[in-house]
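The values are calculated or read from the model by the stated rules, or taken from the named source; none is laboratory data. This is a predicted model, so every value here is computed, not measured. For neighbour counting, all protein chains shown are included, and Cβ atoms are generated from backbone atoms with ideal geometry for every residue, glycine included. Just the protein is used for accessible areas: all its heavy atoms, side chains included, with ligands, DNA and RNA removed. Shrake-Rupley method; radii C 1.70, N 1.55, O 1.52, S 1.80 Å.
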Number of protein chains: 2
Amino acid sequence: MRSPQSLRNGETPSPHPRIPPHHFHSTVSAQKLRRFNTVILVFRLASFCFSLAAFVFMLTNSRGSNSPHWYDFDAFRFVVVANAIVALYSLFEMGASVWEISKGATVFPEILQVWFDFSHDQVFAYLLLSADAAGTALARTLKRTETCTDDNAFCVQSDIAIALGYGGFLFLGFSSLLSGFRVVCFIINGSRFHI
Amino acid sequence: MRSPQSLRNGETPSPHPRIPPHHFHSTVSAQKLRRFNTVILVFRLASFCFSLAAFVFMLTNSRGSNSPHWYDFDAFRFVVVANAIVALYSLFEMGASVWEISKGATVFPEILQVWFDFSHDQVFAYLLLSADAAGTALARTLKRTETCTDDNAFCVQSDIAIALGYGGFLFLGFSSLLSGFRVVCFIINGSRFHI
């Protein structure tokens, strides 16, 4: 006969009573959360690498006083600033992910963290896409002018920087999907654990 | 004494047994849903008006054979196409909203409808923002060239069209927030009713 104290309210009897079912459940969900956070970390890393590379490529895009400089063009300045912001943000989020994987707790309180991540992912994704679109429009216009016929290397390097920026946007978009999923899990369960 | 048939499974006894609690609950949530759908409809209408106006302003932006035309510039073509797509989509979504408010049911099956709305809102918001950003970059570049000094009306009209496009993006973004909220409600409750 089972003693009445061994079952809590609403708990079904376990076939293996030596493993507490609550402990087993939380171990599985902690493992899943760790895997999920690792995937986010990889996306953050990719986003950081792409936007840092785009920033550096555009920033070093000036060769002497006679050739054109990136800071002569509004849209290229926008590309530099947007990529710098996204690189810094991705670096911060990588730190937060590593902290969460190693310590098992979020940097900010949980509700603040999930909403912070999702809202910033969304806003910075729009920012980076608009910078890249503006940069693309300018680069295509420059193709027909003397700027590109006189100094083709300037235009090629701009194109590469803008393409790298699109890569950063892509991975930031993936991160945004995952952080949106975390927000939904938080709303449903009251915790970021998604089981 | 209450007869045992008057209570369903898991239903708590109501202090006013003459109003069935289930009916009362669904009436309140149907009213809230109707108000929510009306707000979405207003945003869709605003988004439709702005993007249609942007489309028309850019499309009529050519004066005779000697002056520049909108279709000579890649970014302006992109603005026209993106605004046309958003205007058509908003028109369709307005129809779907009106249908839902009047008939009380969605056009597609419910799960398909909430995901369709949210995903298309997101994708078209990105599309419209990138078109507007590209258009802005081109318009700013043209300011310094002969195109604008010779025919200033062309540039002013382009600026107005792009500004209207930003308005369309703003209201599409608001719609996207609301349709995202509907998706979360659907995931939590298994229905778009948010009580």
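Suppose we filter segment B:97-116 for residues that are part of a helix (DSSP H, G or I), open to solvent by 10 Å² or more (accessible area, probe 1.4 Å) and not polar (S, T, N, Q); how many remain?
Adding up the residues that qualify gives 10.
How many residues does segment A:110-124 contain that are of a type in the set (A, V, I, L, M) and more than 13 Å from chain B (Cβ to nearest Cβ)?
Looking only at that region, the number is 2.
From the list A:ASP117, A:ASP151, which residue is acidic (Asp, Glu) and under 30 Å from B:GLY190 (Cβ atoms)?
A:ASP117
Does B:SER191 satisfy the criteria of being touching a residue at least 12 places away in the same chain (Cβ under 8 Å), more than 12 Å from every other protein chain (Cβ to nearest Cβ), surrounded by fewer than 16 Cβ atoms within 10 Å (Cβ to Cβ) and within 30 Å of A:GLY190 (Cβ to Cβ)? Spell out how you get there, then give the answer.
Numbers: touching a residue at least 12 places away in the same chain (Cβ under 8 Å): yes; more than 12 Å from every other protein chain (Cβ to nearest Cβ): yes; surrounded by fewer than 16 Cβ atoms within 10 Å (Cβ to Cβ): yes; within 30 Å of A:GLY190 (Cβ to Cβ): yes.
For B:SER191, the condition - touching a residue at least 12 places away in the same chain (Cβ under 8 Å), more than 12 Å from every other protein chain (Cβ to nearest Cβ), surrounded by fewer than 16 Cβ atoms within 10 Å (Cβ to Cβ) and within 30 Å of A:GLY190 (Cβ to Cβ) - is met.
Quick one: is B:LEU88 open to solvent by 60 Å² or more (accessible area, probe 1.4 Å) and in a helix (DSSP H, G or I)?
yes
Determine, yes or no, whether B:ARG140 is over 12 Å from the mean Cα position of the chain (by Cα) and part of a helix (DSSP H, G or I).
Yes: the conditions hold for B:ARG140.
Quick check: anything in segment B:51-72 hydroxyl-bearing (Ser, Thr, Tyr), more than 30 Å from B:ASP150 (Cβ to Cβ) and open to solvent by 60 Å² or more (accessible area, probe 1.4 Å)?
No - not one qualifying residue is present in segment B:51-72.
Select, from B:LEU142, B:LEU170, B:LEU164, B:LEU127, the only residue that is away from chain A (no Cβ under 14 Å) and closer than 30 Å to A:ALA139 by Cα.
Only one candidate passes the filter, namely B:LEU164.
Which one of these is in contact with a Leu (Cβ under 9 Å, 6 or more places away or on another chain) and small (Gly, Ala, Ser): A:SER158, A:SER179?
Result of the check over A:SER158, A:SER179: A:SER158.
Could you please find all residues in segment B:149-195 being of a type in the set (S, T, N, Q) and at pLDDT below 90?
Across segment B:149-195, the qualifying residues are B:THR149, B:ASN152, B:ASN189, B:SER191.
So, B:HIS23, is that one over 20 Å from the mean Cα position of the chain (by Cα) and modelled with pLDDT of 50 or more or not?
yes
Pick out the one residue from B:PHE154, B:PHE171 that is among the aromatic types (Phe, Trp, Tyr), within 14 Å of B:SER47 (Cβ to Cβ) and in contact with a Cys (Cβ under 9 Å, 6 or more places away or on another chain).
B:PHE171
Can you say whether A:VAL81 is assigned to a helix (DSSP H, G or I), open to solvent by 70 Å² or more (accessible area, probe 1.4 Å) and within 14 Å of chain B (Cβ to nearest Cβ), as far as the supplied structure shows?
Answer is yes for this residue.
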